[in-house]
Amino acid sequence: MNFLVSGGAGMIGSHLVGRLLAEGNRVTVIDDFSRGRIDYLPSDHCRLRIIEFDLRKDISILKHDISRYKFDCAVHLADNVAGIKYVFNNQLKVWTDNLAINSNFFALVDGVVDFVIYAGTACSYPKALQTKIAEKRLVEDDAYPAEPESSYGMSKLMGEYELALYADQGRFSATTLRFHNVFGTNTEFSGEGAQVIPALCYRAATANYEDPLTVWGSGKQRRGFIYVADVIDAIMTAIAKKPSEDVIQIGPESSTSIADISALIVDISEKKLRVDFDLSKPEGDFDRLGDYSRARSALSWSPKVSLIDGLETVYRWIERKVQYD
């Protein structure tokens, strides 16, 4: 089969590309390498084509190039996303970037692909449903009436809506996989681009023994963390089954506090780090947890990688990067 993957050099994308190639497929990657890295992708692979392109820009020339190919499936992972500080300090840019990226990508694949998978986000759920410990699991329809906490969540929800319009008009079939908090290797772990788990792993890996490990916010905020390998399994199953559902959320069976994540990372580091909570920093929504009945029924999917195994893998990867890069 022949695949087109936007954001294919990022965390989810690079793992997906590796899996697709390992199973004998041809893959074209579109990435501007603002977050992704070419060294995350297999090198000198005869079935891999890499196009360096910023999907916020005019796609006319790229459309002409892409239209020469017939793709069995496109997986749209590209977006402007980063750590919580970046997202809240750059609301307008995140909004305009993601609207442009989505519109351009859907126009790009219109007429050249049969099936599109779009990466949605649990950040699209209304903030009013995430202000306290989750009393009910979120279902896909809870995204409306829409009032996400950030422009990132709203821009991603508008991507879901735009994709559905294309599908409704018969331009291609499509499914949104609405991911909860994905973490894994092949990711940014320092600076504003880093999200919470790799950022904490990096701080722990570079800390001296008995240094403080600083956590943003109270640490009481909770997230449903899902390891990237489980996300790739969900994407691969969606490719194979082409489910009729417009949106399927993908995540873990339980949410975990950032304080507990920090304690686990300290244990993995084998350092006597003191965890300090910086209450001056943002911490985002308080808790969210999904009901994955639709994923189980439509995809026969459930997560397999435990939180501790995923954390161990990411910490050791960052530890090696710190030592040898």
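The values are calculated or read from the model by the stated rules, or taken from the named source; none is laboratory data. What you are looking at is a predicted structure, and each value in this text was computed from that prediction instead of being measured. A quick note on method: Cβ atoms are made from the backbone with ideal geometry, for glycine too, and the neighbour counts reach across all protein chains shown.
So, of the residues in the range 154-169 that are closer than 20 Å to K93 by Cβ and of a type in the set (A, V, I, L, M, F, W, C), which turns out to be surrounded by the fewest Cβ atoms within 10 Å (Cβ to Cβ)?
M158
Take the range 127-150 and flag every residue that is in a helix (DSSP H, G or I) and free of Cβ contacts under 8 Å to residues at least 40 places away in the same chain. A128, D141, D142 - these are the residues of the range 127-150 that are in a helix (DSSP H, G or I) and free of Cβ contacts under 8 Å to residues at least 40 places away in the same chain. If you go through the range 151-181 and keep only what is touching a residue at least 24 places away in the same chain (Cβ under 8 Å), of a type outside the set (S, T, N, Q) and closer than 25 Å to D285 by Cα, you end up with Y152, G153, M154, K156, L157, M158, G159, E160, L177, R178, F179, H180. The set of residues from the range 61-80 being surrounded by 14 or more Cβ atoms within 10 Å (Cβ to Cβ) and either basic (K, R) or in a strand (DSSP E or B) (or both) comprises K63, F71, C73, A74, V75, H76. From the list I268, I308, the one residue that fits, being within 19 Å of A204 (Cα to Cα), modelled with pLDDT of 95 or more and touching an Asp or Glu at 6+ places or on another chain (Cβ under 6 Å), is I268. Considering the range 81-95 alone, what residues qualify as being buried (at least 23 other Cβ atoms within 10 Å of the Cβ) and over 22 Å from G217 (Cα atoms)? Answer for the range 81-95, where residues must be buried (at least 23 other Cβ atoms within 10 Å of the Cβ) and over 22 Å from G217 (Cα atoms): just V94. Can you find a residue that is aromatic (F, W, Y) and closer than 23 Å to Q130 by Cβ anywhere in the range 293-306? No: zero hits. Among the numbered conditions (1) assigned to a loop (DSSP other than H, G, I, E, B); (2) out of contact with any helix residue (DSSP H, G or I) (no Cβ under 8 Å at 6 or more places or on another chain); (3) free of Cβ contacts under 8 Å to residues at least 60 places away in the same chain, the only one that S190 does not meet is (2).
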